[in-house]
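Each remark here refers to the structure printed beneath this line.
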Amino acid sequence: MAMRNWQWWKLYVKVKPLLNAARAEDEVKKMEEEFAKTKEELAKVEKIKKELEERCVVLAREKEDALLQLSAEGDTLGDMEETIENLTKQKFENEAQIKEYEDQITAMEEAAGDLAGVKAKLEEKAAALQTTIEGLEDSLKKAEHEKQVWLISIFSKCNINKE
């Protein structure tokens, strides 16, 4: 309490609040600078946020498009698989039909070979019969010639007798 009346104490008491005010002004300036920096950073963050939201919307659209395309390609793939399955069945049916035709061709070739053998035998028989026919025709000609000779001789005898 004794110091209360001293001059330097009175000065100190008056200056001390001013020092705090100066410090407060410095703190306010620092806070204002920090506020300005924070405001700038907030603006940057909001700008980045806006860009990211726009990008998110674009990516969501691309995702939906990709899902639609995937769905369409899945349907196409299903159709292709069905077509492949049908073509595979048709291939097996065609191969079975080809095998059947090959068996028929083999049977026909065997039958043709048998018919060729029968034809050769029949041609031999026909040739033998032709030879027999020619022999019989020669015999018939000889017999007719002999018949005519005989008839002529009989007629000539008959004519001689009549005379």
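The values are calculated or read from the model by the stated rules, or taken from the named source; none is laboratory data. All of these numbers come straight from a predicted model, not from anything done at the bench. Glycine also receives a Cβ, built like all others from the backbone with ideal geometry; neighbour counts cover every protein chain displayed. Areas reflect the complete protein model, heavy atoms only, side chains present, ligands, DNA and RNA absent. Shrake-Rupley method; radii C 1.70, N 1.55, O 1.52, S 1.80 Å.
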(request) Sum up the charges of everything whose Cβ sits under 15 Å from the Cβ of residue 149, counting Lys and Arg as +1 and Asp and Glu as -1, but leave residue 149 out. (result) +2
(message) Over the chain, with a Gaussian network built from C-alpha contacts below 10 Å, which listed residue (84, 152, 133) shows the highest mean-square fluctuation?
(response) 152
(request) Report Rg(Cα)/(2.2 N^0.38 Å) for the chain, keeping two decimals. (result) 4.35
(message) Give the lysines whose C-alpha is closer than 22 Å to that of residue 30, dropping any in the same chain fewer than 8 places away, or say none.
(response) 16, 39, 44
(request) Identify all aspartates and glutamates with a Cα-Cα distance to residue 49 below 18 Å; exclude those on the same chain that are fewer than 8 residues away in sequence. (result) 40, 41
(request) On the protein heavy atoms, probe 1.4 angstrom, tell me the percent of accessible surface of the chain carried by carbon and sulfur. (result) 60
(message) If you count only protein heavy atoms with a 1.4 Å probe, what accessible area per residue comes out for the stretch 1-71, rounded to a whole Å²?
(response) 101
(request) Under 14 Å from the Cβ of residue 69, count the other residues' Cβ atoms, weight Lys and Arg +1, Asp and Glu -1, and hand me the total. (result) -3
(request) Could you name the lysines whose alpha carbon sits less than 24 Å from that of residue 91, not counting residues in the same chain fewer than 8 places away? (result) 99
(message) Rounding to the nearest 10 and keeping the result within 0 to 90°, find how far the Cα-based axis of helix 7-162 lies from the longest principal axis of the chain.
(response) 0
